[in-house]
Amino acid sequence: MTTRRSFLAGTIAAAAGIAAASSGTQPAASAPAAAPSPTPTPPPAPPGPTKPSPLALEMAKKIQKDLPQAKISDAMAKKIASDIEDGFGLSKAFRKVKFKNWDEPDFVFSAEENES
Amino acid sequence: MTEAQMAFSSISELGALLRKHSVSSVELTQMYLRRLERIGKRLNAVVTLMPDRALAEAKRADADLAAGTDHGPLHGIPYGVKDLLAAKGAPTTWGAAPYRDQVFKQDATVIKLLGAAGAVLIAKLAMIELAGGLGYNSANASFTGPCKNPWNTNYWTGGSSSGPGAAMGAGLVAFAIGSETSGSIVNPSTYCGITGLRPTYGRVSRHGAMALCWTLDKIGPMCRTAEDTGLVLAAIAGRDPNDPTSSSREVPLYSLKPGAPGSVRVRDVLDLVKPSRLRLGLVKDSTKKAQPEVVKNFDKALGVLRKFADIEEVAVPAHRYGASIVTILAAEGAAAFRDIIQDGRAATLADPDDRRGGYSYLTVPAVDYVDAMRERAPIKRGFSKLFKRFDALVAPTFGSVALPIGVSFDKAYPGIEGGSPIASANLAGIPAIAVPNGFGQQGLPTGLSFIGPAFSEADLIALGDEFQSRTDWHRRHPPLAL
């Protein structure tokens, strides 16, 4: 089971750990131990929703405008902005990871035609 | 034998009764249907009962057996599936209001394979809506209501395979099929005191299953015993041309299937492969912030394990990969459910966080998703390095017992953490088996997990079987089901 908020809380807390990662050169096993695993009993979550930045608010408004069928209320848009702000935290974590050019993503793409 | 004794029998025990003609498949099916109706509905564990199809399959199983045709260990055994697997002609709701009338014209590959093995499909079981893909934060995240834990109905079963957890915990089916993207088999298995196997990514075909995350989703058995998980995996593992991610790797242990009636002792196989003592890596800090009863039960379990294994503490990749799994879940989940996010049907979901979550997922930067996928290679390398030193890792599966119904997850047990490395192990695609190891607060089960290298299910099943041969936690049953 996963919950986004619990992951986010754990992720933010472990951002320093992510910064230490250097995928191709530092195997995961040598990483410093952190509290293992996201659990359904989440790490202490930030109290209340994250205060959204002007950019997150603009992005939420854009979604609200672009998806009229979804009928997103202004109150909902504010909460979405808060979620987007949480997402910025994830991007920040990735910016700290030192990938090498040759570190390939682990996609499942294959040039072979599927049998189905 | 009482009804409850029969209901809680293992697959091999039921198989023996069937072959001695002490009971028929039709009788077993009728018994489980009655229990699903009587107990399952109270627990919100059932989406759809399938009496017509079940009784037809059971009659065929009885006729085959009478004619001397034995399809193997699952022959005539009634089971249920998480309602994300397509079953021809029956609703396949994905636990979500927008899909409650969805019907497919064919069975998922797993259901076809189980049918070929003689098993009897009797119910579609409850689940967290969309397998939790849009960020739920409460037990109520299903159009069938919160799934109640058979050990204490004020508490949740765990998710997202909530119905299979409740149905196995209460003896409502002989085995169940669940799915895991990141924790959804091992979580309800632990909370409900049953045995759950998360197979290696690609081990079991997902054709006909709801997609949440194409690069993370796995289908696996939820059973009473480790041995039973092996018997079920034997029937469902293998390459499927309809699922390009399914592996064509040999399934060595499970070649013992069909035609091998009755009990298959996986431990005997392990003894042949590993005559020396096993080496287990104890996941460092896995009990550091866990509930006291979880720690106590795990320490006792380590005492059992030390009788046949050497145990050494080891640091394991953990939370530093939270960003990767959240990003992959968000990006793939938003793609999988873009239709209901865009057209507003997400507003009909049960959990407020699910109604909202998909919109922010639409903003995940592509570069973050690619980097999240780049993280998976070093995670796999890290685990591979560990598995040169250890046959498997062991940890309490979760740091707490089941969460209360009616309280949002983030407020349930403040400060409690710990458990097995679920995010990193799922990112690596490696298997785990969760087994019960005692009881904690409110009379709720606790459990431990063994985690092994890719395609090491046979060893994990054998480990679980060995542990269960020395303990009886898997033989305990909740009073409401007796």
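Laboratory data are not the source of any read-out in this text; all were calculated from the coordinates shown. Bear in mind that the values here come from a model prediction, so they are computed numbers and not experimental data. Please note: Cβ atoms are built from the backbone with ideal geometry, for glycine as well, and neighbour counts cover all protein chains shown.
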Which value, to two decimals, describes the C-alpha radius of gyration of segment B:123-181 once divided by 2.2 N^0.38 Å? 1.03
About its Cα centre, what dipole magnitude does the protein assembly as shown give when the only charges are +1 on Lys and Arg Cβ and -1 on Asp and Glu Cβ, stated in debye to the nearest 20? 920 debye
So the FRET efficiency between B:Arg338 and A:Lys98, C-beta based with R0 = 25 Å and rounded to 0.05, is 0.15
Share, in percent, of DSSP beta bridges within chain B that are antiparallel, nearest 5: 65 percent
Separation between the B:Glu312 and A:Lys51 pseudo-spin-labels, each 7 Å from Cα along Cα→Cβ, expressed in nm? 5.0 nm
Could you list B:Val295, B:Val407 in order of exposure, starting from the residue whose Cβ has the fewest other Cβ atoms within 10 Å? B:Val407, B:Val295
Magnitude of the Cβ-charge dipole (Lys and Arg +1, Asp and Glu -1) of chain B about the Cα centre, nearest 20 debye, reported as 420 debye
Just to confirm my numbers, what's the Cα centroid distance between segment B:111-183 and segment B:353-376 in Å? 26 Å
Across the residues of A:60-73, average count of Cβ atoms on other protein chains within 10 Å? 3
With T = 37 °C, eta = 0.692 mPa s and Kirkwood Rh from C-alpha pairs, the Stokes-Einstein D of chain B in µm²/s is about 150 µm²/s
DSSP-loop trypsin sites (Lys or Arg not before Pro) across segment B:307-395, with at most 11 other Cβ within 10 angstrom: B:Lys307
Distance in nm between pseudo-label sites at B:Arg239 and B:Lys105 (7 Å out along the Cβ direction from Cα): 2.8 nm
What FRET efficiency would be calculated for the residue pair B:Thr348, A:Ala111, taking the C-beta separation as r and a Förster radius of 56 Å, to the nearest 0.05? 0.85
How large is the helix-only mean residue ellipticity at 222 nm for the protein assembly as shown, computed as the sum of -39500 (n - 2.57) over DSSP H runs with n ≥ 4, divided by its residue count, in deg cm²/dmol to the nearest 500? -11000 deg cm²/dmol
Chymotrypsin sites (Phe, Trp or Tyr not before Pro), loop per DSSP, at most 16 other Cβ atoms within 10 Å - longest free stretch of chain B: B:309-482
Let me know the mean shielding of B:281-288 by other chains, meaning the per-residue number of their Cβ atoms within 10 Å of its Cβ. 3
Between B:Asn154 and B:Leu482, what is the label-point separation in nm under the 7 Å Cα-to-beta-carbon projection? 2.1 nm
log₁₀ of I(q)/I(0) at q = 0.09, 0.11 Å⁻¹ - the protein assembly as shown, Debye sum with one point per alpha carbon: -0.62, -0.95
When the chain is fully extended, how far beyond the present Cα-Cα distance does B:Arg279 get from B:Ser248, taking 0.36 nm per residue of separation? 8.3 nm
